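Chemist: Questions regarding the structure given below will be posed in turn.
Rule-based calculations on the coordinates, nothing more; no lab input. Small disclaimer: the values here were computed from a predicted structure and weren't measured. Positions of Cβ are backbone-derived with ideal geometry, glycine not excepted, and every protein chain shown enters the neighbour counts.
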Amino acid sequence: MNILLPPGRRLERIGIALLIVVAVIFPKAYGGQDYLISQARLVMIYGLAAVTLNLLVGFGGQISLGHAGLLAIGAYTVPVLGNNYNWPTWALILAAGVTTALVGLVLGLPTGRLRGHYLAITTLGFGLAVPELALSTRVAPLTNGSEGLIVPTPTIGSFTFDSAGHPEAFYYLCLVVVLLCLLAILSLLGSSSGRRFMAVRDSEDAAAAMGINTWLTKVVLFTTSAFFTGIAGALLAFQDGVIAPTTFPFGLSLLFLAIVIMGGMASVWGSIAGALILIVVQVEASNQPGLSDAIIGAVVVLILLLAPDGLAGLARRLWRLAAGLGIPWSAGVGPRLRRQPAAEPPEAGERPPVEVRHGR
Amino acid sequence: MASGHGLKPRTVALRLSVVALVVVMMSGWNRASTSAPATNGPGVTKTTITFGQTAPQSGPAALYGESTNGVRAYFSYINSKGGVLHGHKLKLISYDDMYSPAVSVELTRKLVDQDHVFAEVAVNGSATNKANLTIQTPANVPLIGSQTGASFLQPFVKNVYNVWPAYTIEGKLLANYGSKKLHLKRIGVLYQNDDFGKSLLQGVHDANITTATEQSYEPTQTDFSPQVQALKSKNADGVIILAIPGATTAFLKAMAAVNYKPVRLMSQVAAIPEQFSLSPQMFPGSYLGAFVPPPTDKKNKQVKTFLAAMNKYEPAKPTSVFAEWGWMEAQVAVAGLKLITGSITPNSYENALNRLKKFHFMGGTISYSSLSHLGLKHMFMEKAAAGKLVQITR
Amino acid sequence: MVDFGQYIIHGLAFGAIYALVALGFNLIFKTTGVVNFAAGAMGTAVTMILWSTLDRSVPLAAAWLIAMAAALLIGVLTEAIFMQRVERSPVLIQIVVTLGLLLVIEGAVNRIWGAEPKLIPSLASSKALAIGSWYTSANDIFIMALTLSLAGVLYLALERTRYGLAMRAVAQDREVAALMGIRSFRYVTASWAVGVLVAGVGAVLFVPLYGGGLVPTMMDNVAVFAFAAAVLGGFGSLAGAVVGGFLIGIFSNLVGGYLSTDLEVSLIFLLIVLVLYVRPQGLFGVDAKTRL
């Protein structure tokens, strides 16, 4: 349990513990409201996908604009294998992870040498190429082109977990899988591999000087991130019941990026929190016909404008504003905030105060 | 991103998300207490019946979303005459699914679980409809007029009532007209690489003609010269174009660019008025399959009513063939409503629809039974003359 | 052989459009280090504005002027309101801001102008012109000539004028340029304005070229190919944008013709990966270590 709750301020640990508790009791509190439970499942699934992206971007210092492409590989693996062979659900989920990991490996090999905008556009191309391939006539025998594939219902033994018929059971299945993945990811980050990722992120030259094989580290990073992305993709396939190339547009990759940035780079729980916020935004935005994408884009731009240094800067400014206006309790909090950084050691995974900048 | 002083982004995000959670939970509590089951079905109150719809309003398939305007116009028209079933007024809740099955299935969940719609009408797309069925069928939500002629809905799904002809019918019509009436010897085909295009292509095959070549294209494609080259090199004297409007126009332009003008036979989907100004060289003289009369045919009584209603209730919205689709699907939906006896529930609605026989509407005549929910069985041909579409066969 | 030649000719015409859009954001990238992912959507917005003025019976020349002025304005506003705030932020943040703008602009265009295809007249005749057994048109040739001329003008402006020199200084190192007395801010704004202008020209020319009518999503595919062109040619290189654009135009047409049009994006992606593997800075790009 210690792995899940990071060391540090009590408030954070309470917040995360509260989140987990709420996640566990949510379906019971809202039994019968299939739509809300379904949205909650999406939060978990998108949250996991955002965490895997964060692994790549926040902890690994890479850029990826094509995360939806990796998700698509994991998602398609489930019906392609599940409809043709009678594999148990857990095997399908694992297979999705492995397949996507292999693709991540192949992707990581050449792109590991790229940086900045070159990496951005290459990953963008990947993210667009995957749905296009799924749509193409050459691959259609496998992926059924535009009509998409029906996903077999998840089962354990004789008990079915499908998202339409047994929403609560499927919710708990997702919760278990997601928590297991988070556990694995967090322990990985705490291990020597995790430290290698971050060393390469902070300064490739320094890492190389320390004897780290930077290229190999990056390849391992891509592969590991892809593995868990595949698992998220499998859950998404079960959640939707039918997947098609149009399930993975570019906007989805952008959504994950937005979640990662908002929640905080190099923060696993931040990504989960970011997913919650943006899904709520998306739900509200879907009431506006034709504008839901635009609203998400606007929210993202606004947040990045008001807080280009993350939500921390925004909060800092808000507190200062409140203190300036003479609101009693904020004044109490304000000075305490300013004192805190000195007292607190940097978290595992947080950048050290001094940044090594590359080039410009 | 240096964290420096102050709260870490993670903390702030966590706090915000707890707030968001609380907000969600509070709003959730509210809704839980107001869902009131009635002796009537969901979506029915003493004065209203609510239908749901998902259709693309943005993205490459946004034109199909014009069907929403047609449905709304028809509902307003019926409401102005006093509504149905002793004064029930019709309401429509429509969401933009951006042509994505993932989005569509969540919106359908919302329509069923939160908005408690009575039935759905004019839902667009093949993959989207396929995904939505996983929600609609277990919940027994009647769906009238799914906008796809795909085979998984033929001939009978308990809660789905087709209005459109099966896609195969149009393909067969175009192929037969080209080979038998126009005596074309080497017919080429351009088809969209999705279920719409491929089912139409299947219809072409059903007509037992030998095609010179079959070229597929992607919905987002903008450059058609490869397909034109392929058709030209096979000396096709006619081409069957199974494509959406934008693609059709771009394809026509690509043909004009190399001075290639075979006989052109098109799917109804391409029949928008803009074609005349967008392709002044190549569109006139083309033949089109159709199952609704062209919106410019003011002599047709059904079209006249449609145009008047659109003008009154949905002014400034395009009176395109897509709006006509919505209109006629709403016509069938309402015809079924009028046959309901007793309480208004999904089951009584389905029973009523199964009793619908020889209903005359914009698309012609339609009948359902408890064994067949097939849509229109007949289509006709139009020709693009100077500035308008003219019906040339019955 | 006839086919092959036709694919090349056609590819050059479309490639010119890719080159224009790539030119637009290479210019912006040169001075600010930011890739304007919203370039395509901005071009579409400019074209919609052109259409609206034409729709009110404004003569073509005046309509073009208005649209180009709008393009400059969009560029200036984007830089002032959005990009300035994030210019010290990491690359990823800047990228996501332009991506967010892409969604907002496309959504706004969809809402304001709707999805029905609209007509934009071409500046030269689109009638098929036969050259031997191949076809082109006056419009095709005009577009290619315009692209090369614009590229040439930009090149001369950057290399041979004082202002160009100042812009290159700002591009290389903004702080040092400021220390030397150059008002960096002006040049950054100017490059955004001209960058969007060039992309706008590309979009307006694209409508009559591809023939499918002006719709909100028109430039989506073009933008992807233009990005590929910029990567291929090397970011920040004007020559690279032009050469890259034409190459991508030809390559995609050949792939579409000989293999299948549904493989174009995948194979272009593969091409990029291969080229970058051998030459990570693109064909004409500056060495990766000094320009990131």
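Chemist: With both partners inside chain B, how many of the DSSP beta bridges are antiparallel, as a percent to the nearest 5?
Modeler: Just about 30 percent of them are antiparallel.
Chemist: Let me know the charge dipole size of region A:71-212 about its Cα centre in debye, to the nearest 20, where only the beta-carbon of Lys, Arg (+1) and Asp, Glu (-1) is charged.
Modeler: Computed charge dipole of region A:71-212: roughly 380 debye.
Chemist: Another one. Which of B:55, B:352, B:243 moves the most in a Gaussian network model of chain B with Cα springs under 10 Å?
Modeler: Between B:55, B:352, B:243, it is B:352 that shows the largest mean-square fluctuation.
Chemist: Additional query: Work out how much length residue B:115 to residue B:308 would gain on full extension: take 0.36 nm times their residue separation and subtract the Cα-Cα distance, in nm to one decimal.
Modeler: The span from residue B:115 to residue B:308 would gain 66.4 nm if fully extended.
Chemist: Continuing with the same structure: Would you work out the charge dipole size for the protein assembly as shown about its Cα centre, treating the Cβ of every Lys and Arg as +1 and the Cβ of every Asp and Glu as -1, and quote it to the nearest 20 debye?
Modeler: That gives a dipole near 1260 debye.
Chemist: Taking 1 over the mean of 1/r across every pair of different Cα atoms in region B:198-250, what Kirkwood radius in Å do you get?
Modeler: 12.1
Chemist: Which of these, B:262, B:219, B:138, has the largest mean-square fluctuation under a Gaussian network model of chain B (Cα springs below 10 Å)?
Modeler: Evaluated over chain B, the most mobile residue of the options is B:138.
Chemist: Add -39500 (n - 2.57) for each DSSP H run of 4 or more in chain B, then divide by its residues: what number comes out at 222 nm, to the nearest 500 deg cm²/dmol?
Modeler: Estimated from H runs of four or more residues: -12000 deg cm²/dmol.
Chemist: Roughly what would the spin-label model give for residue B:86 and residue C:278, points 7 Å off Cα along C-beta, in nm?
Modeler: 8.1
Chemist: Related question: How far apart, in nanometres, would the label points at residue A:192 and residue A:305 be if each is projected 7 angstrom from Cα along the Cα-to-Cβ direction?
Modeler: Result for the modelled spin labels: 4.9 nm.
Chemist: Please report the spacing between the Cα centers of region A:245-286 and region C:32-47 in Å, no decimals.
Modeler: The two parts, judged by their Cα centres, are 23 Å apart.
Chemist: For chain B, compute the orientation-averaged projected area of the C-alpha convex hull (one quarter of its surface), in nm².
Modeler: 23.9
Chemist: Something else about it: When DSSP beta bridges are limited to those with both residues in the protein assembly as shown, what percentage is antiparallel, rounded to the nearest 5?
Modeler: 40
Chemist: Distance from a point 7 Å along Cα→Cβ of residue A:142 to each backbone N in region A:201-243: keep the residues under 17 Å and list them by number.
Modeler: It comes to A:230, A:234, A:243, nothing else.
Chemist: So between residue B:183 and residue B:156, what do we pick up on full extension, going 0.36 nm a residue minus the alpha carbon distance?
Modeler: 6.1 nm
Chemist: Modelled label-to-label distance, residue B:367 and residue A:213, 7 Å Cα→beta-carbon offset: nm?
Modeler: Once both label points are built, they end up 7.6 nm from each other.
Chemist: To continue, here is another question. Cα centroid distance between region A:18-63 and region C:49-92, in Å?
Modeler: 39
Chemist: When the label point is put 7 Å from the Cα of residue B:46 along its Cα-to-beta-carbon vector, which residues of region B:86-117 have a backbone N closer than 17 Å?
Modeler: Only B:86-90 pass the distance filter.
Chemist: Could you tell me the distance between the Cα centroids of region B:241-318 and region C:103-143, to the nearest Å?
Modeler: 19
Chemist: Continuing with the same structure: Skipping prolines and chain starts, which residues have an amide H placed within reach, meaning under 5 Å, of the one on residue A:62, given they are 5 or more residues away or on another chain?
Modeler: HN-HN under 5 Å from residue A:62: A:57.
Chemist: What length, rounded to one decimal in nm, is gained on full extension from residue C:112 through to residue C:65, with 0.36 nm per residue of separation minus their alpha-carbon distance?
Modeler: Going from the current span to full extension adds 14.8 nm.
Chemist: Something else: Report the relative contact order of chain B, percent, no decimals, based on alpha-carbon pairs under 8 angstrom and at least 6 residues apart.
Modeler: 18
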